[in-house]
Amino acid sequence: MADTAPKPAPATPAPRISFVSLGCPKALVDSERIVTRLRAEGYELTKTHQGADLVVVNTCGFLDSAKAESLHAIGEALAENGKVVVTGCMGAEPEEIRAVHPGVLAITGPQQYESVLAAVHEAVPPAHDPFLDLVPAEGVKLTPRHYAYLKISEGCSNRCTFCIIPKLRGDLVSRPAGDVLREAERLVKAGVKELLVISQDTSAYGVDLRYATSPWGDREVAARFLDLAGALGDLGAWVRLHYVYPYPHVDAVMALMAAGKVLPYIDIPFQHASPTVLKRMKRPASQEKTLSRIQAWRAAVPDLTLRSTFIVGFPGETEAEFEELLAFLEDAEIDRAGCFKFEPVRGADANGLEGAVADEVKAERYDRFMRTQQKVSARRLKRKVGTRQSVIIDTVTPDGGIGRTKGDAPEIDGTVKVFARRPLRVGEIATVKIEAAGPYDLSGTAVGF
Ligand code: SF4
């Protein structure tokens, strides 16, 4: 008998987008928002430019080297595909992009989600298909499923002289606490085990909202750093605080760390330790007796890990000022540190300062900085040998896995090589007896699951 049932009309193939995400975790969160919207509209993501209907490049414009990388990525997308939409920090300077790549279809700036989507719609209209419109409730994450970045604000109201982020992204705009907490709750329900709180200035969270409360569940939560950190700590996931400036109220968060609500980890981009350099940098909260406060934090939270970033070779930096920085690394026992050689980013006020430091001097200071930091890191990690640490597993290997302790953020800090007698799962938290320590990484055996 002939089959007379009506056949469904063939679905229009979903347009395919190849997405390149460059830059910092904040840019990554922007990418996730754009990608989530695209998936919700039925676009498909592909991993290669060839065969895609369009390429979107989310650029970084923080340093000249980042701009060069962005321009290179745009060039590659044009060569391999030809249809390219550019967004992100470098999009704030469209003429710089057009001068090198006149063929890009559209350029939009940071956080201009609507404009990026409009440019995509124009180049490749969405194919409506209700089945393709389904996206996971937590959105589409570009990070592995067990950790996620949680952006609590946009922009920055500080005016550090080496930085053009406020020019690119504007002043601080905080999200209401209820919004942030609902997103965090969704992520945790979807299996996220670690929330990485990010912004340009996390401890200034809510200043622009005058700490207004907003509803979350059956209670009101104030848009205040401490209140938000406490409420996030109630969700049962690891909560890691990034980009915290040492304003006096940061001391209070140590109680949350001591109580196990928030990870004993704090990422404070100090940038320097010499008061005169910090003054020339116009750094926020740089006068707050940093060293004695760090000692008090360590007394309250003995396993506290301090991560930071520093700039060497800032205009006018003398040998004595640089030595102050090295002494600070030792005295404050900065566990993890990134170091950048000063680069005069176009448009930054620091470029007008006198006393440019020669490239050879910058390189020599960078090496000394890294050597000193490596010694401190090795010393701090050695103390962990023989202890038991909770380790979150990022990758599985034939004899165990690679993970991180509470003192290690993904991508930027160290790792733990874990040997286990049973297969580990990505995202599981194992108790690991630490057996060896190198300058940056640890290794040990899983003794509890
Ligand atoms: S705090 Fe300073 S370095 Fe950080 S984004 Fe704001 S202006 Fe730039």
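What follows draws every value from the coordinates through simple rules; no lab data is involved. Since the structure is predicted, the reported quantities are computational estimates derived from the model, not experimental observations. So basically every Cβ, Gly included, is an ideal-geometry build from the backbone, and we count neighbours across all protein chains shown.
Brief remarks follow.
- Taking amide H as placed 1.01 Å from N in the peptide plane, C339 has its amide H under 5 Å from the amide H of F310, each at least 5 places away in sequence or on another chain.
- Antiparallel bridges, percent of DSSP beta bridges restricted to the stretch 15-136 (to nearest 5): 0 percent
- Gyration tensor verdict on the stretch 35-119 (Cα atoms; rounded if a/c is under 1.5, prolate if a/b is larger than b/c, oblate otherwise): oblate
- Sum of side-chain charges, T415 neighbourhood, beta-carbon under 9 Å (Lys, Arg +1; Asp, Glu -1): -2
- Cysteines in the chain that lack a partner Cβ within the 4.7 Å cut-off: C24, C60, C89, C156, C339.
- Summary value for the chain: 10 percent relative contact order, contacts being C-alpha pairs under 8 angstrom separated by 6+ residues.
- Overall dimensions of the stretch 138-223, expressed as equivalent-ellipsoid semi-axes from the Cα gyration tensor (√(5λ), whole Å, largest first), are 25, 18, 8.
- About the centre of its Cα atoms, the stretch 333-414 shows a dipole size close to 620 debye [charges on the beta carbon of Lys, Arg (+1) and Asp, Glu (-1) only; nearest 20 debye].
- Over the stretch 264-415, Cα pairs under 8 Å with separation of 6+ residues give a relative contact order of 23 percent.
- For the stretch 295-449, with +1 on Lys and Arg beta carbons and -1 on Asp and Glu, the positive-most of A337, S390, L306 along the dipole: S390
- Local net charge near G217, Cβ-Cβ under 15 Å (Lys/Arg +1, Asp/Glu -1): -3
- Rounded to the nearest 20, the Cβ-based charge dipole of the stretch 277-402 about its Cα centre (Lys and Arg +1, Asp and Glu -1) stands at 560 debye.
- Tensor-based shape of the stretch 204-248 (alpha-carbon gyration tensor, a/c under 1.5 rounded, otherwise prolate or oblate): oblate
- Compared with the alpha-carbon gap, the fully stretched path from R98 to Y113 is longer by 3.4 nm at 0.36 nm per residue.
- For V239, nonlocal amide neighbours, meaning residues 5 or more places apart or on other chains whose placed amide H falls under 5 Å from its own, are L195, L263.
- With 32 Å as the limit, the listed pairs K362/K382; K26/K433; K26/K362; K26/K406; K289/K341; K47/K362 have K26/K433; K47/K362 beyond it between alpha carbons.
- Estimated FRET transfer efficiency when R0 is 22 angstrom, pair A358-E323 (beta carbons, to 0.05): 0.80
- Cα gyration tensor category, rounded, prolate or oblate, for the stretch 203-279 with a/c compared to 1.5: oblate
- One way to sum up the overall shape of the chain is the equivalent ellipsoid from its Cα gyration tensor, whose semi-axes run 38, 30, 22 Å, largest first.
- Summarising the strand pairing of the stretch 298-414, around 45 percent of its internal DSSP beta bridges are antiparallel.
- Here the dipole of the stretch 1-124 is about 280 debye; that uses its Cα centre as origin and unit charges on the Cβ of Lys and Arg (positive) and Asp and Glu (negative).
- Charge tally in the Cβ shell below 14 Å around D331, where Lys, Arg are +1 and Asp, Glu are -1, D331 excluded: +1
- Listed residue (V277, L353, Y247) projecting farthest to the positive dipole end of the chain, Cβ model: Y247
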